[in-house]
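**Q** Following this message is one structure expressed as structure tokens.
Please treat every number below as a calculation from the coordinates, not as lab data. Everything quoted here is computed from the prediction, not taken from an experiment. Cβ: placed from backbone, ideal geometry, glycine included. Neighbour counts: every protein chain shown.
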Amino acid sequence: MGQSLKVYRELLEEAEMLSGEIEELKKNPEVQDYVRNTTRLFMIRDILANAESILYAEEMRECSHIWVTSEVSSRELDGGRTDVHVYETCLKCGLDTKSVDRVRSGYFYPFDSTMASVLRTTGKIGIDSGVECSYPLAKSIYDRIVLENPGIIDDQAILYLRQALYNIRRHLDSETVNYNRARRLSLAPDFINWNKSDIYTK
Ligand SMILES: [Zn+2]
């Protein structure tokens, strides 16, 4: 105990001495510059770390969204009632209404809290495409349409998308066709959501 008390007192003394020296150093203009610049640098680094999320939030707020129904999930509740959740995702910016539920559950992806916050402030505005479809499929077709038709207006792009999905749905008969189509659309060659229930327009 005696030895511990001795070490404690020595450290206390050293701490007081260091504190006094630091106060003296702070009177030096160069040290003041150092402290000011270091504080500013840490602040800027914090802002930069959040910049990606801030820029994405900006992009989502400025987007005139085109919504597709990307997921419909339902589960049986007690008493024979069914709990149905309909989730929608924007074809342009990726804003996903499911982000709100994911944040609430505590298991969420990196940008989910940014998306949930955008949805809270702006609400779900934009055009409903009337399409219910696996998101990667709808997104890859939409991107292709926009690439091949520069300057296309949203309503026209939606018409093309609906037609493309209609055509796919009518010709779901061969693994080879599906495989080749997936490759053309830059989907994984083993893309699995080709069943008709995943590709239809409301
Ligand atoms: Zn959008």
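**Q** Wholly within segment 72-178, which helices (runs of 4 or more DSSP H) include no fewer than the required count, namely at least 3 residues that are out of contact with any Ser or Thr (no Cβ under 7 Å at 6 or more places or on another chain) and hydroxyl-bearing (Ser, Thr, Tyr)? Working first, answer last.
**A** On the way: elements: 98-105, 112-122, 135-148, 154-170.
Counting at least 3 such residues, we get 112-122.
**Q** Looking at segment 1-59, which of its residues are exposed (fewer than 10 other Cβ atoms within 10 Å of the Cβ) and not in a helix (DSSP H, G or I)?
**A** 1, 27
**Q** Residue by residue through segment 101-119, note down the ones that are over 18 Å from residue 67 (Cβ atoms) and of a type in the set (A, V, I, L, M, F, W, C).
**A** Scanning segment 101-119 gives 103, 108.
**Q** Another question, if that's okay. Is there a residue being out of contact with any helix residue (DSSP H, G or I) (no Cβ under 8 Å at 6 or more places or on another chain) and within 16 Å of the ligand (Cβ to nearest atom) anywhere in segment 69-76? Step through it out loud before you land on a result.
**A** Initially, segment 69-76 is screened for residues out of contact with any helix residue (DSSP H, G or I) (no Cβ under 8 Å at 6 or more places or on another chain), giving 69, 72-76.
Okay, now just the ones that are also within 16 Å of the ligand (Cβ to nearest atom), so 69.
Within segment 69-76, one or more residues are out of contact with any helix residue (DSSP H, G or I) (no Cβ under 8 Å at 6 or more places or on another chain) and within 16 Å of the ligand (Cβ to nearest atom).
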